[in-house]
Amino acid sequence: MYQMRVRVERTVSLRRKVSVIGCVLDREVKMARSGRISRRQFLPIGAAAAAQLAVPVRLRAQTKARTFVLVHGAWHGGWCWRRVADRLTAKGHYVLTPALSGVGERSHLKPEDIDLMTQVNDVAGEIKWRDLDDVVLVGHSYGGMVITGVAEQMRERIGAIVYLDAFQPSDGQALADFSSRTSWPEPVTLAPPASYFHVNDKDAAWVQSKLTAHPTQCFTQKLKVAGAYQSIAKKLYIRAPLFAQKGFDQALARCRADHSWQTATVTCGHDVMIDQPAELTAMLERFA
């Protein structure tokens, strides 16, 4: 309702401005025809009027509201997106930061019943039941596995996709395939310390207090990928190279070699949304 009211007010304002400028131009044309002002004097008046008309149209294009669905990574929760979500919301966008089953805000759920497809369905359900379309779908780290699965289910609902320092699986791959670990504990995998993610010193203790164990089946279940995400028109891969991960480097190299992708790098730790929220917000807005 708020966005609708703003659009109506802008439309009314633009119509009023068009009416006023039209009257001014009409008056100046009559003066030019009568000889009271010269053609040389008239031209700057017309140019100035045209500039006045262009301003609101340009501003409206720059502030087009989008729908963002921001998916967190392993051991995290929707909480990690708060700074970015607040900034996007303040600019008029609609933002969802779903907590995946078994972690963060939903860590009370039994981990034995949760696997990768459970978490894919968490996000797909948000999009389906909220009737979202033309979504900007962003996945961080392990969230890349999740958004790849979401794209397989509802490609038509996604207008743009962003892999933020994230895994980009091929058909039949699990997150475990990107790791050197030979065994995985059941039913959960404990979170590493915040220092593992190279979180900035100011936020390290806060992040540490929020990390939760992650259901192990999310890491070991293989994903069926037909490549739906590749057919999305707008695609962006963002890499934070200070965080060492061979799988991310390989994904970035593939995207750089494919002209249908945009790529970017940031100079901070792995949790970009925490270390550089303003920069990431601006990057997502420019891309979307």
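Laboratory data are not the source of any read-out in this text; all were calculated from the coordinates shown. For clarity, every value in this text was computed on a predicted model and none was experimentally measured. Cβ sites come from the backbone with ideal geometry, for glycine too, and all protein chains shown count toward neighbours.
Brief remarks follow.
- Farthest toward the positive end of the dipole of the range 67-287, out of GLY159, ALA176, ALA257, is the Cα of ALA257, where the dipole comes from beta carbon charges about the Cα centre.
- Subtracting the Cα-Cα distance of TRP129 and SER260 from 0.36 nm times their residue separation leaves 44.1 nm of extension gain.
- Within the range 185-270: Cβ-based charge dipole about Cα centre, in debye rounded to nearest 20 (Lys, Arg +1; Asp, Glu -1): 340 debye
- Peptides 257-265, 196-204 ranked from most to least packed give 196-204, 257-265, packing being the mean of other C-beta atoms within 10 angstrom over each peptide's residues.
- Placing a pseudo-label 7 Å from each Cα along the Cα-to-Cβ vector at SER231 and SER179 gives an inter-label distance of 3.2 nm.
- The value obtained for the range 67-287, namely the Cα convex hull volume divided by the number of residues, is 113 Å³ per residue.
- Sequentially through the range 167-181, phi angles give Karplus couplings (6.51, -1.76, 1.60; θ = phi - 60°) of 6, 10, x, 8, 4, x, 9, 10, 4, 4, 6, 8, 10, 8, 5 Hz, Gly and Pro residues having no value and appearing as x.
- Taking amide H as placed 1.01 Å from N in the peptide plane, LEU242 has its amide H under 5 Å from the amide H of CYS268, each at least 5 places away in sequence or on another chain.
- Length available on full extension from ASN200 to LYS222: 0.36 nm per residue minus the Cα-Cα distance, which gives 4.6 nm.
- The phi torsions of the range 86-102, fed into the Karplus equation with coefficients 6.51, -1.76 and 1.60 and a -60° offset, translate into couplings of 4, 5, 5, 4, 4, 9, x, 8, 9, 10, 10, 10, x, 7, 6, 4, x Hz, rounded to whole numbers, with Gly and Pro shown as x.
- By average C-beta atoms within 10 angstrom, highest first, the peptides 157-166, 211-220, 127-136: 157-166, 211-220, 127-136
- Length-normalised contact order for the range 135-248 - Cα pairs under 8 Å, 6+ apart - percent: 38 percent
- Lysines with Cα under 16 Å of LYS202, excluding same-chain neighbours fewer than 8 positions away: LYS210
- Remark: relative contact order (the range 67-167) = 31 percent; criterion is Cα-Cα distance under 8 angstrom and separation of 6 or more residues.
- Karplus-derived 3J(HN,Hα), 6.51/-1.76/1.60, for each residue of the range 271-288, Hz, glycine and proline x: 7, 4, 5, 9, 6, 9, x, 5, 5, 5, 4, 4, 5, 5, 5, 5, 5, 5
- Dipole magnitude for the range 67-287: about 320 debye, using +1 per Lys or Arg Cβ and -1 per Asp or Glu Cβ, origin at the Cα centre.
- Annotation: amide H-H contacts under 5 Å for ALA213 (H modelled 1.01 Å from N, sequence separation of 5 or more, or interchain): ALA191.
- Amide hydrogen neighbours beyond the local backbone of GLN173, cut-off 5 Å, H modeled: LEU223
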